[in-house]
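Scroll down for the structure; my scribbles are underneath it.
The numbers here are math on the coordinates, done by the rules we state, and not lab data. All values reported here derive from a predicted model rather than from experimental measurement. FYI the Cβ positions are ideal-geometry reconstructions off the backbone, even for glycines, and counts take in every protein chain you see.
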Amino acid sequence: MDESRDRILGHLRRALNREGSRDIAAQTVGERLAAHRPNTIPARAVAGDRDARIGLFQTMAEEAAATIARLASVKEVPAAVADYLAQRNLPSQLVVTPDPQLQPIPWGDRPTIRWREGIANADDLVGLTGAFAGIAETGTLMLISGPESPTRNNFLPDNHIAVLRAEQIVSTYEEGWKRLRSSTQPSQGQFTMPRTVNFVTGPSRTADIELKIELGAHGPRRLHILIIDDATVG
């Protein structure tokens, strides 16, 4: 089968005067992967300073039906979570990913919140996770998988609370990928990327049925993002 395929493709290359094109194509692809040249970037994503970048992220996330709370310190996370649960008449219990950036959260300041660390189950209504990055141009969370950040926790609970440092908010998708590549460690000459990278913009939704928007179709019905202005978390 391989010989027949190669013979047919060889005839086509000779007919098109493209002999040797396989090596050229491989070289071109290799150069493109090494250069990481960005594609067209929206003007809104490259304008402004740090505060403008955070503001753009908040604006775009809220346009996608996410809710945002700006916190001065990680110490404010328990109170912000308690307020969010109370406002939506949700039980004061949640599952938290075993993410090192979430370890400094002082849950003891709000003993009424019952929380456990681990993987989400079907009966968990609220899940709290970290995030790898926030993409300002679309208000999107960049979430990566791993033992400390199980993908299930991003999608199974009906209410997703994400903790994001202000310093994790980048302007563009390209910057998010650049940050991910720089954070991975070489293994036998190759970089070890996470198995899964998810981009989440607002709560899950679909309009497949009668063009009517339904939230929570394929994931969380609500997405609440806590932006931490200091660098304590992580």
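Cβ crowding within 10 Å, taken as a proxy for footprinting-reagent exposure, orders MET193, MET142 from fewest neighbours to most as MET193, MET142.
As a rough footprinting exposure proxy, the listed residues PHE199, PHE132 were ranked by other beta carbons within 10 Å of their own, and the order from fewest upward is PHE199, PHE132.
Spin-label model, GLN87 to ARG114: label points 7 Å out along the Cα-to-beta-carbon direction sit 2.4 nm apart.
Look at GLU31, GLU175, GLU3 and count the other Cβ atoms within 10 Å of each Cβ; fewest to most, that gives GLU3, GLU31, GLU175. Below 8 Å between Cα atoms, with a sequence gap of 6+, how large is the relative contact order for the range 43-228 in percent? Relative contact order here is 27 percent. Remark: the range 80-85, residue by residue, has Karplus-estimated 3J(HN,Hα) of 5, 5, 4, 4, 4, 5 Hz, where x stands for each Gly or Pro and the curve is 6.51 cos²θ - 1.76 cosθ + 1.60 at θ = phi - 60°.
Is the C-alpha gyration tensor of the range 43-228 telling us rounded, prolate or oblate? Criteria: a/c under 1.5 is rounded; beyond that, a/b larger than b/c is prolate, otherwise oblate.
Rounded shape, in that the Cα axes give a/c under 1.5.
The separation of the range 69-133 from the range 44-60, counted between C-alpha centres, amounts to 26 Å.
Across the range 125-139, rounded Karplus estimates of 3J(HN,Hα) from the backbone phi angles (6.51 cos²θ - 1.76 cosθ + 1.60, θ = phi - 60°) give 7, 10, x, 10, 10, x, 8, 6, 7, x, 9, 5, 4, 10, x Hz, Gly and Pro being marked x.
Distance between the modelled labels on THR184 and ARG70, one decimal in nanometres: 3.4 nm (7 Å Cα→Cβ projection). Measuring spread by the Cα atoms of the range 1-151 yields a radius of gyration and Dmax of 24.7, 75 Å. What the Cβ-Cβ distance of GLU3 and SER145 gives, at R0 = 41 Å and to the nearest 0.05, is a FRET efficiency of 0.55.
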